[in-house]
Amino acid sequence: MKFFIDTANLDQIRQAYEMGVLDGVTTNPSLMAKEGIKGKENQHKHYVDICNIVKSDVSAEVISTDYEGMIAEGEELAALNEHIVIKLPCTADGIRAVKYFSEKGMKTNCTLVFSVGQALLAAKAGATYVSPFVGRLDDISEDGVGLIKEIVDMYNYYGYATQVLAASIRHTRHIIDCLKAGADVATCPLAAIKGLLNHPLTDIGLEKFLADYKKVNG
Ligand code: E4P
């Protein structure tokens, strides 16, 4: 399973990268806005800064909603750095744009996916990644992890190469559940990734090892 960090915060990206377990980054317009990055030039520079830290897949989302706009914007984003993955919404124009880029051999992430049907269209269009939003489904009392499992089963049954990227992960438990459901990737906030380390027996065990060492060695 691959780990992506779901943020546009450079400090958090660096921290996750330094842990040595990071496989990529996902951003979206809300995450970019949260960092206060205004204007196309600054946004482009920020994407390049992220790519230079992780040197692996970095999803950069288009804000155009029409096909022509998505193509122009996607081409521009992809030209910024070899690690850019063009992130496109799961709309009719978005699926058409996914198809366009996949035929050109360019990486895409089809986002805002909330159903098996949407995931099927993304795979048929040749998306590199499909991003079902686990937390947002849970927020409306639907089963986010259940959707991950359904998509994984459907892709395996038909042999689609699209990777299931579990998005909208809110906590550590989501990561474990998505892993069990067979997700290829989980994109997570830093706190959820760090949460995987937490176990009281690790802390107690380490404390005892150090105390025993001190008893003998002073
Ligand atoms: C990432 O690709 C998604 O845009 C992101 O995970 C959405 O997360 P949220 O539902 O917490 O905003």
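The values are calculated or read from the model by the stated rules, or taken from the named source; none is laboratory data. Just so it is clear, the model here is predicted, and its values are computed rather than measured. Positions of Cβ are generated from backbone atoms using ideal geometry, with glycine treated the same way; all protein chains shown enter the neighbour counts. Only protein heavy atoms, including side chains, enter the accessible area calculation; ligands, DNA and RNA are left aside. Shrake-Rupley method; radii C 1.70, N 1.55, O 1.52, S 1.80 Å.
For the options Met19, Met70, Met106, a Gaussian network treatment of the chain with springs between C-alpha atoms closer than 10 Å singles out Met19 as fluctuating the most. Axis angle, to the nearest 10 degrees, between helix 40-54 and the longest C-alpha principal axis of the chain: 40 degrees.
The residues packed around Leu22, meaning those with a beta-carbon under 14 Å from its beta-carbon, carry a net charge of -1 if Lys and Arg are +1 and Asp and Glu are -1. Name the lysines eligible as straight-distance cross-link partners of Lys180: C-alpha to C-alpha under 16 Å, and not fewer than 8 places from it in the same chain. Counting by Cα, and skipping residues close in sequence, Lys180 has these lysines nearby: Lys2, Lys149. When both the range 132-196 and the range 66-114 are represented by their alpha-carbon centers, they are found 21 Å apart.
In order along the range 152-164, phi translates into HN-Hα couplings of 4, 4, 5, 5, 5, 4, 9, x, 6, 8, 4, 8, 7 Hz, rounded to whole numbers, per the Karplus curve 6.51 cos²θ - 1.76 cosθ + 1.60 with θ = phi - 60° and x for Gly and Pro. Projected label points at Leu206 and Lys40, each 7 Å from Cα along the beta carbon direction, are separated by 4.8 nanometres.
What whole-number value in Å² describes the accessible area per residue of the chain for a 1.4 Å probe?
Roughly 51 Å² per residue, with all protein chains present.
Just add up the charged neighbours of Cys188: K/R +1, D/E -1, any other residue whose Cβ is under 13 Å from the Cβ of Cys188. The partial results should precede the final answer.
Values: positive: Lys2, Arg170, Arg173, Lys194; negative: Asp6, Asp23, Asp177.
Residues near Cys188 contribute +1 overall.
Remark on Gly24: its backbone amide H falls under 5 Å from those of Ile5, a criterion applied only to residues 5 or more positions apart or on other chains, H modelled at 1.01 Å from N.
Residues in the range 141-151 carry Karplus couplings, in order, of 6, 9, 9, x, 5, x, 5, 4, 4, 4, 5 Hz; the curve used is 6.51 cos²θ - 1.76 cosθ + 1.60 with θ = phi - 60°, and Gly or Pro positions show x. Packing around the peptides 209-216, 91-98, taken as the average count of other Cβ atoms within 10 Å per residue, puts them in this order, highest first: 91-98, 209-216.
Taking the C-alpha atoms only, the angle from helix 172-181 to the longest principal axis of the chain is near 60 degrees.
Helix 67-80 and the longest principal axis of the Cα set of the chain meet at an angle near 50°.
Cα-based values for the chain, radius of gyration first and Dmax second, are 19.2, 72 Å.
For the chain, which whole percent of the accessible surface, found with a 1.4 angstrom probe, sits on carbon and sulfur atoms? Walk me through the intermediate numbers first.
Numbers: 6080 of 11150 Å².
Here it works out to 55 percent.
Its alpha carbons considered, the range 9-121 gives a radius of gyration followed by a Dmax of 14.0, 40 Å.
Our coupling estimate for the range 195-205, obtained by passing each phi through the Karplus curve with A = 6.51, B = -1.76, C = 1.60 and θ = phi - 60°, is x, 4, 7, 6, 8, x, 5, 5, 5, 5, x Hz, Gly and Pro reported as x.
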